[in-house]
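Here is the structure we will look at, set down as C-alpha cells.
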Ligand code: ZN
C-alpha cells in the first residue's frame, strides 16, 4: 500500500496528465498588432498547451479601422479564465471592455503581457499600472520613469526622454535577477535567447514591480528588463518583453518562462510547470523548438 502510494506520487510528479477540467483556462486576446499576431498566436497556444497544464481559447478583436458597430459584439468574458494573455497592440478597447478587464484584475485575475502588448494603450492609466512599463505610443518622462538594472540594483530614471527603443535583432543572454521567485527558481542564471528585439528604455508608473530577468542592452549599456512580475489590486501580472516573432518564441527558454509566468499569474505558483526541462538553453547555446509549419517569419540577416 505504502509502495503503491510512493509510486503514484512519483508518477504524478514526473508525468503531468491533467483532465481537461483540471487544466487552467487561459484566454489569449489578439486581433490588432504591428507584429504578425496571426502567426505568433498559434505559437503562444502551443507554448502553453504543450505543457499539458493549460487549455487555451483565443478572442480576436475587430480589425483596425472597423466601425464602432463591429466592437459592440466583442466583449470577452475575462472572469471565465484563470489568466488572460495579450498579443494585442492596437486601437483602444471599448470602455465597457476596459472596465470589465480592470474589474477582473482588481478582483484577483491573472494577466500576461507579451512583447508589443506593452506598446498598447499609452493613455489607459490602469493598464500602464498593470504592466508597470511600456514603450512607444508617445510614451516619455510624463508616462513615468525608465526602469532598468545596473550593477545589480534597480533604477527608476526620471530624466527626460522617449520610452521604448531597440537595436537590430540578435540573440542575447538573459540573466536572472531574482532566483527565488517561482517563475525563475532553478533556472540557469544565464541562458541564450533566440533572435529577438531587446526592448530598452521602457517607461511607466513602475509601481509594485519586481524584475526577474534582464539583458545587457548595446543601446543603453544597462540591463533592460526581460521579465517582470507585478501586483495589481488582488491580481497578478507576468510581463515578458520577449517574443518579437515566431522564431523568437520557438525557444525552450521562452516556452518554459511563458508557461511558468502564466501559471503564476493564474495561481500564484508554478506547481504544474516548474520542473526544469532537459533541453533548457545554456549561456552559449540557444535551444530551438521545432513546430510544424513554423517558423514562417524570416529573421533579418545580421548586419555586416
Ligand atoms: Zn517587436
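The values are calculated or read from the model by the stated rules, or taken from the named source; none is laboratory data. Keep in mind that this is a model prediction, so the values were computed, not measured. Quick reminder, even Gly has a Cβ in these numbers, built from the backbone with ideal geometry, and neighbours come from all protein chains shown.
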Testing residue 267 on (1) out of contact with any strand residue (DSSP E or B) (no Cβ under 8 Å at 6 or more places or on another chain); (2) within 27 Å of residue 131 (Cα to Cα), one condition comes back false. Which one is that? (1)
Within region 60-74, is there a residue that is farther than 19 Å from residue 100 by Cα and crowded, with 16+ Cβ neighbours inside 10 Å? no
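Can you find even one residue in region 247-269 that is at pLDDT 95 or above, surrounded by fewer than 15 Cβ atoms within 10 Å (Cβ to Cβ) and farther than 22 Å from residue 113 by Cβ? Explain how you work it out, then say what you get.
Looking only at region 247-269, we keep the residues that are at pLDDT 95 or above, and these are 247-269.
Narrowing the set further to residues that are surrounded by fewer than 15 Cβ atoms within 10 Å (Cβ to Cβ) leaves 268-269.
After this cut, where a residue has to be farther than 22 Å from residue 113 by Cβ as well, the list is none.
No, region 247-269 contains no residue that is at pLDDT 95 or above, surrounded by fewer than 15 Cβ atoms within 10 Å (Cβ to Cβ) and farther than 22 Å from residue 113 by Cβ.
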Could you say which residue among 232, 247, 255, 223 is out of contact with any strand residue (DSSP E or B) (no Cβ under 7 Å at 6 or more places or on another chain) and more than 19 Å from residue 54 (Cα to Cα)? 232
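For residue 206, are the conditions met, namely being in contact (Cβ under 8 Å) with a residue 12 or more places away in the chain and not in a strand (DSSP E or B)? Step through it out loud before you land on a result.
Details: in contact (Cβ under 8 Å) with a residue 12 or more places away in the chain: yes; not in a strand (DSSP E or B): yes.
Considered against the rule, which asks whether it is in contact (Cβ under 8 Å) with a residue 12 or more places away in the chain and not in a strand (DSSP E or B), residue 206 comes out as yes.
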Does region 247-258 contain any residue that is touching a helix residue (DSSP H, G or I) at 6+ places or on another chain (Cβ under 8 Å), farther than 23 Å from residue 40 by Cα and more than 16 Å from the ligand (Cβ to nearest atom)? no
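Could you tell me whether region 235-242 includes any residue that is part of a loop (DSSP other than H, G, I, E, B), within 16 Å of the ligand (Cβ to nearest atom) and in contact with a helix residue (DSSP H, G or I) (Cβ under 7 Å, 6 or more places away or on another chain)?
Within region 235-242, one or more residues are part of a loop (DSSP other than H, G, I, E, B), within 16 Å of the ligand (Cβ to nearest atom) and in contact with a helix residue (DSSP H, G or I) (Cβ under 7 Å, 6 or more places away or on another chain).
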Of 86, 113, 66, 59, which residue is closer than 25 Å to residue 234 by Cβ and out of contact with any helix residue (DSSP H, G or I) (no Cβ under 9 Å at 6 or more places or on another chain)? 59
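Within region 38-50, how many residues are touching a helix residue (DSSP H, G or I) at 6+ places or on another chain (Cβ under 9 Å) and within 16 Å of the ligand (Cβ to nearest atom)?
Our first condition is that a residue be touching a helix residue (DSSP H, G or I) at 6+ places or on another chain (Cβ under 9 Å); within region 38-50, this holds for 39-40, 42-44, 46-48, 50.
Next cut, within 16 Å of the ligand (Cβ to nearest atom) only: 39-40, 43-44.
Looking only at that region, the number is 4.
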Within region 149-180, the residues that are in contact (Cβ under 8 Å) with a residue 60 or more places away in the chain and either within 16 Å of the ligand (Cβ to nearest atom) or within 24 Å of residue 251 (Cβ to Cβ) (or both) are 149, 168, 169, 170, 171, 173, 174
Among (1) away from the ligand (no atom under 16 Å from the Cβ); (2) modelled with pLDDT of 95 or more; (3) at positive phi, which single condition is residue 231 missing? (3)
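Please indicate, with yes or no, whether at least one residue in region 75-88 is more than 16 Å from the ligand (Cβ to nearest atom), surrounded by fewer than 23 Cβ atoms within 10 Å (Cβ to Cβ), assigned to a loop (DSSP other than H, G, I, E, B) and over 20 Å from the mean Cα position of the chain (by Cα). I'd like the intermediate steps shown before the answer.
Of region 75-88, the ones more than 16 Å from the ligand (Cβ to nearest atom) are 75-85.
The next check asks that each one be surrounded by fewer than 23 Cβ atoms within 10 Å (Cβ to Cβ); those that pass are 75-82.
When the remaining residues are screened for being assigned to a loop (DSSP other than H, G, I, E, B), the result is 75-77, 81-82.
Still in the list and also over 20 Å from the mean Cα position of the chain (by Cα): 75, 77.
Yes, there is a match, as at least one residue in region 75-88 is more than 16 Å from the ligand (Cβ to nearest atom), surrounded by fewer than 23 Cβ atoms within 10 Å (Cβ to Cβ), assigned to a loop (DSSP other than H, G, I, E, B) and over 20 Å from the mean Cα position of the chain (by Cα).
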Would you check if there is a residue in region 263-274 being within 16 Å of the ligand (Cβ to nearest atom) and in contact (Cβ under 8 Å) with a residue 12 or more places away in the chain? no
Residues of region 67-90 classified as touching a residue at least 60 places away in the same chain (Cβ under 8 Å) and farther than 18 Å from residue 28 by Cβ, total: 0
The correct count of residues that are farther than 17 Å from residue 263 by Cβ and either within 16 Å of the ligand (Cβ to nearest atom) or not in a strand (DSSP E or B) (or both) in region 181-203 is 12
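I need the full set of residues from region 105-148 which are assigned to a strand (DSSP E or B), within 14 Å of the chain's Cα centre (by Cα) and away from the ligand (no atom under 15 Å from the Cβ), in order please. Spell out the reasoning first.
Filtering region 105-148 for residues assigned to a strand (DSSP E or B) gives 110-114, 134, 146-148.
Then keep just the ones that are within 14 Å of the chain's Cα centre (by Cα); that gives 110-114, 134.
Of everything in region 105-148, those that are assigned to a strand (DSSP E or B), within 14 Å of the chain's Cα centre (by Cα) and away from the ligand (no atom under 15 Å from the Cβ) turn out to be 110, 111, 112.
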